[in-house]
Amino acid sequence: MAEDDRIRCDACPVLCYIRPGMAGACDRYANACGVLMRVDPHVILSHSPETVPFLRREEWDGDIVGGPAFVTAIGAGTTYPDYKPAPFIVASKIAGVDMVTVVTEGIFIYCGVKVKIDTDRHLGAERSLVRAGGEAIGHVMTGEYGSQMLSLGGVHHLTGSGKKAGRSTCAALLALCNGQAVELVVDDGATIIVQANRAPVINGIAEERMRVGCGSATIGMFARQWLGHVDEVVVVDDHITGVLSEHQAGKLLDVAPTGIRLRGRRSTPGRYFEVAAPGTGWGGTDISDPLAILDKFDPKLARPGLRILMVSTTGEHSGYFELDETLTPVEREMPVDVSFSVDRIRENCEPALCSVLFMGGAGGSLRAGVTDNPVRLTRSVKDTLTRVTCGGAPVYLWPGGGITFMVDVSLLPANAFGSVPTPALVAPVEFTMRQADYAALGGHMDHLRSLEDVLRDPGARQTRAAFANPWPS
Ligand code: SF4
């Protein structure tokens, strides 16, 4: 306690002195009549729907209605730098087995988010900087099948690019992890509004569909449906543009050569790379006129009246053409049967979404809050004796050293993440194992509290587990 009634919070390296009735720099801790308190409610998951006992008038006796409870680390507090045991070490019985869940809000400076944006549109060149509020907070990664990928945050952006950049990075990561919308600008690229589980908004336009496949895959999937209705199909794609008559699918269906010639680089029959530059037009290219990717037809194979469908990988763009007497494609009204096949492509496109995965390294000092021999926790996780969850949500654990995990932020309860001004993100982490295994790895057995005892804490808030998640313990 300071001389003037301020108390010192030691939950992170900022070490705030907090006046009575005030909160610390992160708004997570406050001085309540001389007692340091975690401000947000401590979230406990229940299978029971809509049970929020602390809101009831009558006293809650700690009983869980409708099933087991899982104590998450959301709102649990921190014991950074972990020279003391984790805030909650909870003993429970599951199917007759004595279990322990060690619960802490980890302070992550080695962390970031990976963002998957379902779109074919070109957002920016690989390795281009991604900015929030004008500050560089990450970069464009390699594109994936039908999606563009961003890597945001990480220790260098948080700590190594100046105070302002660190704060902007932390603020953007926090907002994304808590499901809020963030505007990102790619150098020499697009402006994107990203929000977990929502459609991306690219240059002011909400993306609707994720492509059905690459141009070649689209030919394979729908070739049979075009038979008899058109003579040629070109599926325009920034990566692999497909041409029906040359493609293996067309060959197997005896589609006759049409004399079509494409610009770009032929990879294998019916599959072309680099037909145009990347962009936000047809199939993630920069073209608005599909004929721009065609050269003159081969007069030995082409004939007047030849019917051609040109379509993008989402069906968003399409055009129907017929060759005139000079073997020049002329746009015509699309016949109903051909239009039906374009609708079928659209129908097979999934809704475009942004996915946000938090990635953090829990293999540092945080382990000392769990055990007096930290490497044993790492080994126990590797040996699958200890289960790691993030706010009760399942995580993907990276192979190799450390406890490096990723979690889909949309699987966590609302506002599960926090931050401190160092800057760093605060993320909930729980380690669950058998009590015998916990004792064997040097766990803080003298700090065990029963589940029933924890449930009686006045700050405990019971919330329903996300339906899609496996039960965490
Ligand atoms: S920033 Fe928050 S956690 Fe860190 S010392 Fe201040 S009040 Fe405590």
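Per the conditions (1) within 22 Å of VAL407 (Cβ to Cβ); (2) part of a strand (DSSP E or B); (3) modelled with pLDDT of 95 or more, the sole criterion not satisfied by PHE70 is (3). One residue stands out among those in the stretch 266-321 that are β-branched (Val, Ile, Thr) and part of a strand (DSSP E or B): the one that is farthest from ILE205 (Cα to Cα), which is THR268. Out of all the residues in the stretch 153-168, is one or more of a type in the set (A, V, I, L, M, F, W, C), more than 19 Å from the chain's Cα centre (by Cα) and surrounded by fewer than 24 Cβ atoms within 10 Å (Cβ to Cβ)? Yes, the stretch 153-168 contains at least one residue that is of a type in the set (A, V, I, L, M, F, W, C), more than 19 Å from the chain's Cα centre (by Cα) and surrounded by fewer than 24 Cβ atoms within 10 Å (Cβ to Cβ). Scanning the stretch 418-434 for residues that are away from the ligand (no atom under 14 Å from the Cβ) and not aliphatic (A, V, I, L, M) gives PRO428, GLU430, PHE431, THR432, ARG434. Please specify each residue of the stretch 191-206 satisfying the condition of being buried (at least 23 other Cβ atoms within 10 Å of the Cβ) and part of a loop (DSSP other than H, G, I, E, B). PRO200 - this is the single residue of the stretch 191-206 that is buried (at least 23 other Cβ atoms within 10 Å of the Cβ) and part of a loop (DSSP other than H, G, I, E, B). Among the residues of the stretch 17-42, those identified as near the ligand (Cβ under 10 Å from one of its atoms) and more than 26 Å from ALA414 (Cα to Cα) are TYR17, ILE18. VAL388: away from the ligand (no atom under 16 Å from the Cβ), within 26 Å of ASP10 (Cα to Cα) and in contact with an Asp or Glu (Cβ under 8 Å, 6 or more places away or on another chain), yes or no? Yes: the conditions hold for VAL388. Taken over the stretch 137-150, the criterion of being surrounded by fewer than 18 Cβ atoms within 10 Å (Cβ to Cβ) and either touching a helix residue (DSSP H, G or I) at 6+ places or on another chain (Cβ under 8 Å) or among the charged types (D, E, K, R) (or both) is satisfied by GLU144 alone.
Going by the structure shown, is CYS12 modelled with pLDDT under 90 and within 16 Å of the ligand (Cβ to nearest atom)? Criteria met by CYS12.
Has the stretch 247-256 got at least one residue that is crowded, with 19+ Cβ neighbours inside 10 Å, closer than 26 Å to ARG121 by Cα and not β-branched (Val, Ile, Thr)? Checked the stretch 247-256: at least one residue is crowded, with 19+ Cβ neighbours inside 10 Å, closer than 26 Å to ARG121 by Cα and not β-branched (Val, Ile, Thr). Consider the stretch 286-317 and keep the residues that are β-branched (Val, Ile, Thr) and touching a residue at least 60 places away in the same chain (Cβ under 8 Å). The one that is surrounded by the most Cβ atoms within 10 Å (Cβ to Cβ) is THR313.
The values are calculated or read from the model by the stated rules, or taken from the named source; none is laboratory data. Only a predicted model underlies this, so the values are computations on that prediction, with no experimental measurement involved. Because the Cβ atoms are built from the backbone with ideal geometry, glycine has one as well, and the counts that use them run over all protein chains shown.
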